[in-house]
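Participant: Please read through the structure below; I'll follow up with questions.
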Amino acid sequence: MLQNLRHLISPDDLTVEETMQLLELAGRIKDAPSAYSDVCRGKKLATLFYEPSTRTRLSFETAMINLGGNIIGFSDAASSSAAKGETVSDTIKIISIFADIIAIRHPKEGAALVASLNSTVPVINAGDGGHQHPTQTLTDLNTIYSLKGRLDHLKIGFCGDLKFGRTVHSLIDALVRYPGNEFALISPDELRVPGYIKNEVLTRSGHSYTEVDKLENVIGDLDILYMTRVQRERFFNEEDYIRLKDRYILDAAKMKLAGEQMLVLHPLPRVNEIAVEVDKDPRAVYFKQVEYGVYARMALILKLLELA
Ligand code: CP
């Protein structure tokens, strides 16, 4: 039985101090992984994925295996009793009998919160609809902190689908907690950041932001460019998706306009928004980002299981 049951539903569930402690722990794990290879012996992680995933689910499972623990779960709701009409609440009551910690992805906003309210073990939100994706945020913060050495006084450009991109919402939520960050929100009108992020997160925290249509107008000023995919699965009609999907394509010509120190991040999967020719540019760190995600998730599992 854990003394202090904690969940991670949004980045705000960790204080800035706790987030920094997690990133420091992730760095120590990266430097000496064998020191952590047995810490979760006898523990079980359940991965409950009601939506497709490659990175997040396998990153969680890799993290638990690297810590010496075991994994159970499903990668397709159709193979679970959700297909027979079982609610998330009931499923979680059952899974918390089997597992010590749960990671859940669900297409409905708020599903992870519902899960946490019905669980006797820690619940981690692995993405709830277009809302939040806090462990992608830990991945992104770990990448930026490891490669830039700081999370403050950065100029960050978010480009693409800022309306449905839950990784964008979570990362903005996290970065406004550090001083001096400036935000360029690069999207077509239809895919702007939701009003609540602008009003309740950016403006309320006193951070400046600009909304622009053209990536070329701001790329030269950025420390971080966070590219995103247009989220086909969240569009109401295919015509709008087709019209907007190739609006931004980062290619070698646009990279020439960027500074030498700018880093390109992307939560992945990529579709067309980053040309493959950019992959060999040393500023493109979206594949390294995936590795930083495993260390961040290892650190998070240790914290929520009170093993660190
Ligand atoms: N970044 C991310 O959430 O990727 P997956 O959808 O593959 O998990």
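The values are calculated or read from the model by the stated rules, or taken from the named source; none is laboratory data. Since we're looking at a predicted model, the values are computed, not measured. Every residue, glycine among them, receives a Cβ derived from its backbone with ideal geometry; neighbour counts consider all protein chains shown. What goes into the accessible areas is simple: the full protein's heavy atoms, side chains included, and nothing from ligands, DNA or RNA. Shrake-Rupley method; radii C 1.70, N 1.55, O 1.52, S 1.80 Å.
Participant: Could you list all residues from the range 44-70 that are in a helix (DSSP H, G or I) and either within 13 Å of the ligand (Cβ to nearest atom) or out of contact with any strand residue (DSSP E or B) (no Cβ under 6 Å at 6 or more places or on another chain) (or both)?
Facilitator: Selection gives Arg55, Thr56, Arg57, Leu58, Ser59, Phe60, Glu61, Thr62, Ala63, Ile65, Asn66.
Participant: Count, please, the residues in the range 98-135 that happen to be aliphatic (A, V, I, L, M), part of a strand (DSSP E or B) and under 19 Å from Asn4 (Cα atoms).
Facilitator: Qualifying residue count, the range 98-135: 5.
Participant: Which residues, counting only those in the range 139-186, are within 16 Å of the ligand (Cβ to nearest atom), closer than 16 Å to Gly293 by Cβ and either touching a Lys or Arg at 6+ places or on another chain (Cβ under 6 Å) or hydrophobic (A, V, I, L, M, F, W, C) (or both)?
Facilitator: Leu141, Ile144, Leu171, Ala174 - these are the residues of the range 139-186 that are within 16 Å of the ligand (Cβ to nearest atom), closer than 16 Å to Gly293 by Cβ and either touching a Lys or Arg at 6+ places or on another chain (Cβ under 6 Å) or hydrophobic (A, V, I, L, M, F, W, C) (or both).
Participant: Could I ask something else about it? Could you go through the range 3-14 and let me know if any residue there is touching a residue at least 24 places away in the same chain (Cβ under 8 Å), among the small types (Gly, Ala, Ser) and open to solvent by less than 40 Å² (accessible area, probe 1.4 Å).
Facilitator: Yes, the range 3-14 has at least one match.
Participant: Sticking with this structure for a sec: Pick from the range 240-269 the residues that are basic (Lys, Arg) and at pLDDT 95 or above: which of them is farthest from the ligand (Cβ to nearest atom)?
Facilitator: Ranking the candidates gives Lys256 first.
Participant: For the range 147-160, name all the residues that are over 15 Å from the mean Cα position of the chain (by Cα) and buried (at least 18 other Cβ atoms within 10 Å of the Cβ).
Facilitator: Leu151, Leu154, Ile156, Gly157, Cys159, Gly160
Residue-wise test of (1) outside the structural domain of Arg270 (by TED's automatic domain parsing); (2) open to solvent by 50 Å² or more (accessible area, probe 1.4 Å); (3) in a loop (DSSP other than H, G, I, E, B); (4) of a type in the set (D, E, K, R).
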residue: Lys163; (1), (2), (3), (4): no, yes, yes, yes
residue: Leu171; (1), (2), (3), (4): no, no, no, no
residue: Ala184; (1), (2), (3), (4): no, no, no, no
residue: Asp240; (1), (2), (3), (4): no, yes, no, yes
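This table checks each residue for (1) over 11 Å from the mean Cα position of the chain (by Cα); (2) among the β-branched types (Val, Ile, Thr); (3) open to solvent by 10 Å² or more (accessible area, probe 1.4 Å).
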| position | (1), (2), (3) |
| --- | --- |
| Ile124 | yes, yes, no |
| Pro134 | no, no, no |
| Tyr145 | yes, no, yes |
| Val168 | no, yes, no |
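Participant: Exactly one condition in (1) more than 16 Å from the ligand (Cβ to nearest atom); (2) among the β-branched types (Val, Ile, Thr); (3) out of contact with any strand residue (DSSP E or B) (no Cβ under 8 Å at 6 or more places or on another chain); (4) in a helix (DSSP H, G or I) is false for Ile95; which is it?
Facilitator: Against the list (1) more than 16 Å from the ligand (Cβ to nearest atom); (2) among the β-branched types (Val, Ile, Thr); (3) out of contact with any strand residue (DSSP E or B) (no Cβ under 8 Å at 6 or more places or on another chain); (4) in a helix (DSSP H, G or I), Ile95 comes up short only on (3).
Participant: Which one is farthest from the ligand (Cβ to nearest atom), of the residues in the range 270-308 that are among the acidic types (Asp, Glu) and either part of a helix (DSSP H, G or I) or under 21 Å from Leu23 (Cβ atoms) (or both)?
Facilitator: Residue satisfying both the conditions and the ranking: Glu306.
Okay, residues lined up against (1) open to solvent by 70 Å² or more (accessible area, probe 1.4 Å); (2) under 30 Å from Pro33 (Cα atoms); (3) free of Cβ contacts under 8 Å to residues at least 60 places away in the same chain:
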residue	(1), (2), (3)
Val193	no, no, yes
Lys214	yes, no, yes
Glu260	yes, no, yes
Val278	no, no, yes
Val285	no, yes, no
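Participant: Tell me yes or no: at least one residue of the range 199-207 is at negative phi and part of a strand (DSSP E or B).
Facilitator: no
Participant: Continuing with the same structure: Every residue in the range 36-67 that is over 27 Å from Leu151 (Cα atoms) and of a type in the set (Gly, Ala, Ser), please.
Facilitator: Within the range 36-67, Ser37, Gly42, Ala46, Ser53 meet the criteria.
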